[in-house]
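The values are calculated or read from the model by the stated rules, or taken from the named source; none is laboratory data. None of these values were measured; they are calculated from a predicted model. Here the Cβ positions follow ideal geometry from the backbone for every residue, glycine too, while neighbour counts run over all protein chains shown.
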Amino acid sequence: MKRFVEGTDREQSTLFPESLEDWIHEDNPVRVIDIFVDELDLGALGFDGVAPEATGRPSYHPSVLLKLYIYGYLNRVQSSRRLEHEAGRNVEVMWLTRRLAPDHKTIADFRKDSGRAIREVCARFVALCRSMGLLTEASVAIDGSKFKAVNNRDKNFTRAKMELRMAQIEARLRAICSSSTPPTAKNPRTRSKPRWTTSRTRSPS
């Protein structure tokens, strides 16, 4: 085909770089994930399997599974099967896990058994971003009476509504960590229809 951008022959031999390090750029986000997880004390955070067992089949270190989980979270890959698939084809994941490819059952069990520790890691990450100045702590004040008068009740927030919303987010995080697939979001404003009961009166004989 003339006058088109042509690809290379599939049967042509290609000399790839000898190491995965050559494929990952210096400012690639996976390097941040790698350094952040390596600096954590996983045993103190509550992760199991930090110390290897003396007998039995060797297991994956929790740092490998945690790096894979964080990578999936940042790239919107939450399914355990999709993470297993990415570990076998994605060069960034290969670099991050040192070419280890856990199966989807191992990934799902890690997420289910380490939910509390994973939430603690997320809190540490937010604290790190604040210390680096990546998150602002500015407060914005708005005239509440006028704001509520012209806005939908589902789109304005008071202190009580914010506390309720944070509790809902925390519950959703626990649900995601305890299951392999994210739960379906529910509208907190949805109310079930009341069941009306009718009482029958017996007519006097």
Scan of the range 79-117 for residues that are of a type in the set (Gly, Ala, Ser), within 17 Å of the chain's Cα centre (by Cα) and under 19 Å from Trp23 (Cα atoms), ordered by number: Ala87
Within the range 105-120, can you find the residues that are over 12 Å from Leu65 (Cβ atoms) and either of a type in the set (A, V, I, L, M, F, W, C) or touching a Leu at 6+ places or on another chain (Cβ under 7 Å) (or both)? Arg119, Glu120
Could you list, ordered by first residue, the pairs with Cβ atoms under 9 Å in which the first is in the range 74-96 and more than 20 Å from Ile176 (Cβ to Cβ) and modelled with pLDDT under 95 and the second is of a type in the set (Asp, Glu) and surrounded by fewer than 15 Cβ atoms within 10 Å (Cβ to Cβ), at least 6 apart or interchain? Trp95/Glu21
Of the residues Ser19, Ser13, Ser63, which is modelled with pLDDT of 90 or more and among the polar types (S, T, N, Q)? Ser63
Qualifying helices (runs of 4 or more DSSP H) (wholly inside the range 8-107; at least 3 residues being surrounded by 14 or more Cβ atoms within 10 Å (Cβ to Cβ)): 29-38, 62-74, 80-89, 91-97
Can you spot a residue in the range 140-149 that is in a helix (DSSP H, G or I), at pLDDT 80 or above and not charged (D, E, K, R)? no
Hits in the range 41-86 - residues which are among the hydroxyl-bearing types (Ser, Thr, Tyr) and touching an Asp or Glu at 6+ places or on another chain (Cβ under 8 Å): Ser59, Ser63, Tyr71
